[in-house]
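We did not get these values from a lab; they are worked out from the coordinates using the rules stated. Treat the numbers as computed from the prediction; the structure is a model and nothing was measured. Quick reminder, even Gly has a Cβ in these numbers, built from the backbone with ideal geometry, and neighbours come from all protein chains shown.
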């Protein structure tokens, strides 16, 4: 069984490597057509702090909670950028059937494409974005039974504003709504009502970062 697992893993790695190489070639060709210049691409990292909460039946059983995230981004073209990041969030559970202090912790990784113009002497950039991600919802021990750990796919939509204080330093604000796909972490708690966990995730965050 272990030998098969190792062989399967090697096959998967080989397949992913070949796929990545093919994608890289295609991306290189597309970049040339779109006048992408790697030497002039702005790459940066930002830290974000914010607050938000779930909506729908999931929001009925949880409270608004804090979030923190780290994102790496690039601006391949003047009005178009991409980012990849990780995010953590604590959402307290509001349910009289369990004790106080219980919560679910959300751990997220995702990608997003953003588009927006530079205005105000090229210091300010309003933008909109759309992406894809995956979150793991981890339930504290005292809430298990009614609530359960769960992997949830996300489709985030965002609108925000960045301001460049210098060519390298920027700050901003963002609002995002994430469509959740496949959430089941509160199905047990909803067993006597809808039986399903519904809703999305609405967050607001401030960012501070740098580009180099």
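Compute the distribution of all C-alpha to C-alpha distances in region 156-212, in bins of 10 Å from 0, and list the percent of pairs in each, rounded to whole numbers.
21, 29, 23, 16, 10, 2
If each residue's Cβ is checked for other Cβ atoms within 10 Å, how do 184, 87 rank with the fewest at the top?
On the way: 184 16, 87 22.
Listed from fewest to most nearby Cβ atoms, that is 184, 87.
Using alpha carbons only, what's the Rg to Rh ratio of region 38-211 with Rh from Kirkwood?
Looking at region 38-211, the ratio lands at 1.05.
Between residue 171 and residue 184, what is 0.36 nm times their sequence separation minus the Cα-Cα distance? Round to one decimal in nm.
Going from the current span to full extension adds 1.1 nm.
Calculate I(q)/I(0) for region 104-152 by the Debye formula, one identical point scatterer on each C-alpha and no solvent, and give its log10 at q = 0.15, 0.27, 0.28, 0.30 Å⁻¹ to two decimals.
-0.59, -0.94, -0.96, -1.02
For the pair residue 148 and residue 70, what calculated FRET efficiency results from E = 1/(1 + (r/R0)^6), where r is the Cβ-Cβ distance and R0 = 25 Å, to the nearest 0.05?
Calculated transfer efficiency: 0.35.
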